[in-house]
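Since the structure comes first, as C-alpha cells, the remarks are kept for the end.
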Amino acid sequence: MNDKELKQYLKQCLQQETELDKLHNKEDIKKIGNAKLEETVRLCVEIMREQELTKKLQEEPRIGFARYLSDIFRFEGVPIFGLQAITLFIMCVVIYTVAGNPSYIPAFMPLFVLAILPAMFKCQYYGMSELEAVTRASSSQIVLAKLILAGAANLVCMTYFIFFEAYLQNSFREIGKIVLYCMVPYLVCMVSMLRLIRLRRKENMQICTVIILSSCVCWGLLARTVPWLYDTSAFGIWIVAFLFFAAFFIKEIHFIITIRKEGKMYGIIT
C-alpha cells in the first residue's frame, strides 16, 4: 500500500467514525471499532514488511559486469556466434567463386553486422524496452555486453576470412589491404547501428537493415565502377576512412561505458 492509498483509507475511517457517533447502540459501536482496529493493525504490519523487503533489495549488491557478461553469453551467445558462423560460411563460399578479386570483399563485410541485429534489437522487436529500462542492469550495460560478444564473434570470423582470402591469393603481401577492405565497411555499419539505437525512436531495426543491405550493394557497385579505388595508389584513402570511422566507433563505445557507470539507459524507449 502506498502513501496515497493509506491517506484514502484513513479518510474513509474518519468518515465512518463520524457516522458511528450517530449510532445509539454502544455495543455495535464497540464491535465496529474493534474490527477497524484489527484491520488497521494488519495493514500497518503489511506496510512494515514491504518496507523491510524494499530495504533488503536496496542493500543487495549490484551484479558485477563480468558475471553479467557471462549471463548474457549463456542466453545470447549461441544465437550471436551461430549466425556469425553461418554468415562466414556463406561469405567463404561466395568469395571462393570470385577468387583473385579482393575488391568484392567490402560488399560482404556488412553482413557480419546484419547477423547481430536480432540480438541488438531484440527488446525493441518484442516491445520490452520499458521492462529492460527498469531492470537493475541498465540498458547501456546490456548493449555493451552484447557488443563485446558480437565483437568477439566478428573478430574470430574476420580473422578466419582474412586468412582464407590470403590463401586464395597465394600470398600474404596484400594482407594489410584485405584488413582495411574488411574493417572500413564493418565500422560504417556498426556506427550507423549504434546511432540508430541511441537516437531513433521507432523502426530503427528496419532502417538499420536497409542501411546494411544498401551498403552491400554500394560496395559491390564501387568494385565494378571504380576499380582504381582498390589499387595500391588508393591505399591512403582506405587508411583515412578507417581512422575516421574508427574514431566515431571508439567515441560511441566510450559514451556507452560512461553512462553505464552512471546507471543511465542507452537509447530511447519505444
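The values are calculated or read from the model by the stated rules, or taken from the named source; none is laboratory data. Small disclaimer: the values here were computed from a predicted structure and weren't measured. Cβ coordinates were reconstructed from backbone atoms using ideal geometry, including for glycine residues, and neighbour counts include every protein chain displayed. Protein only, heavy atoms only, side chains kept; ligands, DNA and RNA dropped before computing areas. Shrake-Rupley method; radii C 1.70, N 1.55, O 1.52, S 1.80 Å.
A few comments on the model shown:
- Highest mean packing comes first when the peptides 243-252, 114-123, 84-93, 147-156 are listed by Cβ atoms within 10 Å, giving 114-123, 147-156, 84-93, 243-252.
- Cα gyration tensor shape for the stretch 178-226, rounded if a/c is under 1.5, else prolate or oblate: oblate
- Cα-based shape type of the stretch 145-228, given that a ≥ b ≥ c are square roots of the gyration tensor eigenvalues and the cut on a/c is 1.5: oblate
- Inter-label distance, nm, simple model (7 Å from Cα along the C-beta direction), TYR167/ILE239: 3.0
- Solvent-accessible area of ARG195 with every protein chain in place, 1.4 Å probe, in Å² to the nearest 10: 100
- Accessible surface of MET48 - all protein chains present, 1.4 Å probe, nearest 10 Å²: 100
- Using R0 = 30 Å, the C-beta based FRET efficiency linking ASP71 and ILE250 works out to 0.70.
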